[in-house]
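Just below is one structure, and these are the notes that go with it.
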Amino acid sequence: MAWLVCGRWTKWVVLGLWVVVLAVAGPLAGKLTGVEKNDNSAWLPGGSEATQVADLQSRFGPDDIVPAVIVYERGAGVTPADREKATADVARLQQIPGVTGQVAGPVPAQDGKAFQTLVPIKVDQDGWQHIVDVVDKVKAATGDSANGLDVHLAGPAATAADSAEAFEGIDGTLLYTTLAVVTIILLITYRSPVLWLLPIVSAGVALTASQAVIYLLAKHAGLVVNAQSAGILTVLVFGAGTDYALLLVARYREELRRHEDRHEAMALALHRAGPAIIASAATVAIGMSCLILAQLNSTSGLGPVAALGIVVGLLAMITLLPALLVICGRWLFWPVRPKAGTAEPTATGVWARLGGRIARRPRTVWLVTAVVLGAMSLGLFQLDANGLAQADQFVDRPSSVAGEEALARHFPAGQGQPVVVIGQNSAAAQIRSAVAGTAGISSVGDPVVKDDLVQFEAVLASAPDSDAAMATIERVRDAVHGIGDAKVGGMTAMTLDVNDANDHDNRIIIPLVLLVVLVILGILLRSIVAPLVLIATVVLSFMAALGVSALVFRHVFGFAGEDTSFPLYVFVFLVALGIDYNIFLMTRVREEALQQGTRRGALVGLAATGGVITSAGIVLAGTFAALASLPLVAFAEIGFAVAFGVLLDTLVVRSVLVTALGLDLGRWLWWPSKLARVRDEPAAVPAETGTAGRDLDPVP
């Protein structure tokens with residue numbers, strides 16, 4: 001099968017097929033942003049109470065109206081001139097395209113220090129970008145703060161505009177940042193001015209093809225894609241694809257030292273490295289597919305998007321990349337071309353020397369390493385993944401945050417984002433009484449009736465994104481449930497339901513991903529002990545990465561907390577992607593163990609794969625670190641935690657902990673397969689350690 005990809009004439013067929021794919025996929029990939037869904041339905045948990053209320057609201061009027069609140073504030077008290085300005089602004093605001101209905105205001109605050117004006121904005125098919133354009137015109141119409149009068153913009157429209165600007169150019173920003181990071185790392189890894197181009201080209205083709213497939217599924221099959229999943233797709237395809245490329249190129253270079261014919265060398269490299277690459281991609285794809293079971297739409301939508309990206313990336317790296325490598329020939333490796341008959345440098349390199357040192361006292365090494373990782377995990381006590389308030393969601397301080405703070409200083413805190421209660425009109429009086437009598441509700445508006453339904457809007461006494469407001473929503477629900485089929489929604493209720501959905505997803509998906517990875521490792525390694533040992537190291541690595549990240553977020557970056565989806569995303573990325581390195585290492589160890597025994601196989605496996613695993617880890621860490629280029633705390637936190645976790649995994653867990661465990665357990669690592677009954681030979685210490693020719697005593 002490998003010969004079909006890299007044969008003397010079939011390599012040109014493979015290249016031609018990918019050229020056709022690129023020609024077809026290019027125009028389709030450019031349309032992906034046009035089918036992204038970034039409205040509430042793309043992020044909310046399907047079927048939640050807040051989602052049901054949002055659907056019912058469309059019966060009472062247009063569901064595409066988003067209000068903006070203009071706050072005029074003067075610390076010493078507003079003047080008649082301030083009121084004249086605010087009144088004149090209303091006339092200008094009414095003329096802005098995109099402002100619909102009646103602009104309400106200016107309404108004075110009871111403390112005499114502010115006015116507020118409510119501006120209803122209609123959202124058209126352009127979604128977020130349209131809101132940004134209208135909000136910019138609203139800001140221009142009201143002018144900047146001057147002469148002691150501060151003008152702020154608050155409300156859902158202002159928040160949406162700031163979020164849209166944060167996501168604006170996410171695809172381009174991530175793509176260029178990721179390209180720069182991967183290019184620099186590959187240049188350092190290969191030390192060749194040309195070789196790095198082929199993995200980059202292959203990953204770029206894979207990204208374009210996957211975007212085209214996802215566009216078609218979103219357009220015709222109902223796949224939900226938003227800005228978050230589209231951005232993460234770029235990182236995944238480049239990160240994982242480059243990892244597969246590094247493993248294949250390393251094995252190809254190894255075979256080039258053994259064979260004159262580069263076609264034969266590539267066929268053998270694909271035959272030997274292919275199963276590990278395919279198993280790694282299958283693990284990631286299946287692990288990501290588990291996200292489909294999430295209640296949160298944004299999380300469940302990410303599952304198929306990520307899985308498709310990984311599958312297309314795999315196809316490119318085991319077909320297009322091998323064809324390009326054999327077409328170009330050995331000169332790609334210049335200035336250090338691998339010639340047939342030359343020694344393999346990894347046999348006496350730094351990883352071989354590290355293996356020799358670990359082999360002296362493997363049990364001590366893995367015990368000490370495990371204790372250190374356990375100590376790092378103590379930082380989990382600092383983890384506060386209970387969601388981020390609006391003011392804490394951005395790395396900087398956007399104008400909408402200042403506007404909400406100004407609104408809260410002079411008006412009821414929840415006025416810009418009311419609680420929405422919808423129930424049967426026949427129980428209108430009872431519903432209103434129950435809502436009004438709930439602690440934490442400042443006031444309840446007049447009923448709006450449509451057919452057999454009634455809608456009330458209530459104002460929260462606390463800030464809409466505060467813990468106190470969430471508690472109020474729970475009390476309102478307790479009060480109205482059972483009365484006229486009443487349901488409670490609004491922005492605060494949406495946030496509460498999102499947090500609850502994330503808690504559910506954490507409990508369901510994390511154990512499921514662990515089980516999937518365990519089964520795949522068991523099938524691949526034909527063992528029970530090895531997968532259990534590897535899963536234990538993965539969990540320990542994840543906990544250590546999360547613990548250190550929590551400390552850094554709190555005491556270095558000054559972040560207020562973590563998003564409720566943070567643990568799940570970091571877990572899925574670290575486990576599903578980090579398992580690649582387990583597979584790369586352990587498939588090579590097993591291959592060598594069949595010939596030399598497990599303990600010597602562990603040392604040869606580390607020597608042969610240590611460099612490529614480290615390079616792959618650095619590439620993957622660099623691509624996820626690119627998420628920090630976005631001005632959103634949630635992305636910055638995921639980027640840092642995954643990048644740190646991947647580096648910890650490759651430099652410490654895979655190279656030291658797993659190797660030491662393999663040396664200590666020996667053949668029992670493969671129980672109950674036949675390999676567990678093959679007695680180990682003593683582990684030889686490489687010559688560079690200064691003990692050449694001496695075998696270590698067998699590890700008991």
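Conditions (1) crowded, with 18+ Cβ neighbours inside 10 Å; (2) of a type outside the set (Gly, Ala, Ser); (3) modelled with pLDDT of 80 or more; (4) within 20 Å of Thr79 (Cβ to Cβ), marked per residue:
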| site | (1), (2), (3), (4) |
| --- | --- |
| Gly105 | yes, no, yes, yes |
| Gly112 | no, no, yes, yes |
| Leu118 | yes, yes, yes, no |
| Gly155 | yes, no, yes, no |
| Asp162 | yes, yes, yes, no |
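Tell me which of these Val449 doesn't satisfy, since it passes every other one: (1) of a type in the set (A, V, I, L, M, F, W, C); (2) farther than 30 Å from Ala166 by Cα; (3) part of a helix (DSSP H, G or I).
Among (1) of a type in the set (A, V, I, L, M, F, W, C); (2) farther than 30 Å from Ala166 by Cα; (3) part of a helix (DSSP H, G or I), the lone unmet condition for Val449 is (3).
Go through segment 548-563 residue by residue and tally those that are over 16 Å from Ala391 (Cα atoms) and part of a loop (DSSP other than H, G, I, E, B).
Counting residues in segment 548-563 that are over 16 Å from Ala391 (Cα atoms) and part of a loop (DSSP other than H, G, I, E, B) gives 0.
Pick out the one residue from Arg262, Arg251 that is surrounded by fewer than 24 Cβ atoms within 10 Å (Cβ to Cβ) and basic (Lys, Arg).
Selected residue: Arg262, the only one of Arg262, Arg251 that is surrounded by fewer than 24 Cβ atoms within 10 Å (Cβ to Cβ) and basic (Lys, Arg).
Quick one: is Val516 out of contact with any Asp or Glu (no Cβ under 8 Å at 6 or more places or on another chain), at pLDDT 90 or above and closer than 30 Å to Leu378 by Cβ? Please lay out each step first, then the result.
Numbers: out of contact with any Asp or Glu (no Cβ under 8 Å at 6 or more places or on another chain): yes; at pLDDT 90 or above: no; closer than 30 Å to Leu378 by Cβ: yes.
So Val516 fails the test.
Within segment 184-233, can you find the residues that are over 22 Å from the mean Cα position of the chain (by Cα) and either of a type outside the set (A, V, I, L, M) or not assigned by TED's automatic domain parsing to the domain that holds Leu321 (or both)?
Of everything in segment 184-233, those that are over 22 Å from the mean Cα position of the chain (by Cα) and either of a type outside the set (A, V, I, L, M) or not assigned by TED's automatic domain parsing to the domain that holds Leu321 (or both) turn out to be Thr189, Tyr190, Arg191, Ser192, Pro193, Trp196, Pro199, Ser202, Lys219, His220.
On the basis of being part of a helix (DSSP H, G or I), in contact (Cβ under 8 Å) with a residue 60 or more places away in the chain and not β-branched (Val, Ile, Thr), does Arg507 make the cut?
no
Pick from segment 488-504 the residues that are among the charged types (D, E, K, R) and surrounded by fewer than 21 Cβ atoms within 10 Å (Cβ to Cβ): which of them is nearest to Pro418 (Cα to Cα)?
Asp500
Restricting attention to segment 192-235, report how many residues are surrounded by fewer than 23 Cβ atoms within 10 Å (Cβ to Cβ), outside any helix (DSSP H, G or I) and touching a Gly at 6+ places or on another chain (Cβ under 8 Å).
3
For every residue, the table says whether it meets (1) at pLDDT 85 or above; (2) part of a loop (DSSP other than H, G, I, E, B); (3) crowded, with 22+ Cβ neighbours inside 10 Å.
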residue: Glu404; (1), (2), (3): no, no, yes
residue: Ala408; (1), (2), (3): no, no, no
residue: Gly416; (1), (2), (3): no, yes, yes
residue: Ile422; (1), (2), (3): yes, no, yes
residue: Ala428; (1), (2), (3): yes, no, no
residue: Ala434; (1), (2), (3): yes, no, yes
residue: Ala439; (1), (2), (3): yes, yes, no
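So, Thr189, is that one under 30 Å from Pro27 (Cβ atoms), of a type outside the set (Asp, Glu) and modelled with pLDDT under 85 or not?
In short, no.
Looking at segment 640-661, is at least one residue free of Cβ contacts under 8 Å to residues at least 24 places away in the same chain and over 24 Å from Leu603 (Cα atoms)?
Of all residues in segment 640-661, those free of Cβ contacts under 8 Å to residues at least 24 places away in the same chain come to 643.
Narrowing further to those that are over 24 Å from Leu603 (Cα atoms): 643.
Yes, segment 640-661 contains at least one residue that is free of Cβ contacts under 8 Å to residues at least 24 places away in the same chain and over 24 Å from Leu603 (Cα atoms).
Please go through segment 452-464 and pick out each residue that is touching a residue at least 40 places away in the same chain (Cβ under 8 Å) and not in a loop (DSSP other than H, G, I, E, B). Even if it seems obvious, please write down each step before you answer.
Step one: of segment 452-464, the residues touching a residue at least 40 places away in the same chain (Cβ under 8 Å) are 453, 455, 458-464.
Hits for segment 452-464 are Leu453, Gln455, Ala458, Val459, Leu460.
Within segment 554-569, is there a residue that is among the small types (Gly, Ala, Ser), crowded, with 24+ Cβ neighbours inside 10 Å, touching a residue at least 60 places away in the same chain (Cβ under 8 Å) and closer than 19 Å to Arg654 by Cβ?
No, segment 554-569 has no match at all.
Within the bounds of segment 215-224, is there any residue that is more than 26 Å from Val336 (Cβ to Cβ) and of a type in the set (Lys, Arg)? Before the answer, list the steps.
Our first condition is that a residue be more than 26 Å from Val336 (Cβ to Cβ); within segment 215-224, this holds for 215-224.
Next, from what is left, pick out any that are of a type in the set (Lys, Arg): 219.
Yes, the conditions are met somewhere in segment 215-224.
Output the number of the condition that Asn425 fails; it satisfies all remaining conditions of (1) touching a helix residue (DSSP H, G or I) at 6+ places or on another chain (Cβ under 6 Å); (2) over 20 Å from Ile613 (Cβ atoms).
For Asn425, the exception is condition (1).
So, in segment 465-482, exactly how many residues are closer than 18 Å to Asp392 by Cβ and touching a strand residue (DSSP E or B) at 6+ places or on another chain (Cβ under 9 Å)?
Total satisfying the criteria: 3.
Please verify whether Gly241 is touching a Gly at 6+ places or on another chain (Cβ under 8 Å) and closer than 19 Å to Tyr190 by Cα, treating the condition exactly as stated.
yes
Could you name every one of the helices (runs of 4 or more DSSP H) located completely within segment 309-402 that has at least 3 residues being outside the structural domain of Leu663 (by TED's automatic domain parsing), out of contact with any strand residue (DSSP E or B) (no Cβ under 9 Å at 6 or more places or on another chain) and within 30 Å of Val533 (Cα to Cα)?
Qualifying helices (runs of 4 or more DSSP H): 350-360, 362-377.
Pick from segment 124-144 the residues that are modelled with pLDDT under 80 and among the polar types (S, T, N, Q): which of them is nearest to Ile70 (Cα to Cα)?
Going through the qualifying residues, I end up with Gln129.
What is the residue count in segment 441-476 for residues that are among the polar types (S, T, N, Q), modelled with pLDDT under 90 and in contact with a helix residue (DSSP H, G or I) (Cβ under 7 Å, 6 or more places away or on another chain)?
Within segment 441-476, residues that are among the polar types (S, T, N, Q), modelled with pLDDT under 90 and in contact with a helix residue (DSSP H, G or I) (Cβ under 7 Å, 6 or more places away or on another chain) number 1.
Just to be sure before I move on: is Ala479 touching a helix residue (DSSP H, G or I) at 6+ places or on another chain (Cβ under 8 Å), small (Gly, Ala, Ser) and within 23 Å of Ala158 (Cα to Cα) in the structure I sent?
Judged against the criteria, Ala479 is not a match.
For residues that are of a type outside the set (A, V, I, L, M) and within 26 Å of Val401 (Cβ to Cβ), tally how many sit in segment 84-99. Step through it out loud before you land on a result.
As a first pass, look at segment 84-99 and keep what is of a type outside the set (A, V, I, L, M): 84-85, 87, 89, 92, 94-95, 97-98.
Retained after the next criterion (residues that are within 26 Å of Val401 (Cβ to Cβ)): 85, 89, 92, 98.
Counting residues in segment 84-99 that are of a type outside the set (A, V, I, L, M) and within 26 Å of Val401 (Cβ to Cβ) gives 4.
The values are calculated or read from the model by the stated rules, or taken from the named source; none is laboratory data. Nothing here was measured: the structure is a model prediction, and the numbers come from that model. Cβ atoms come from the backbone with ideal geometry, glycine included; neighbour counts cover every protein chain shown.
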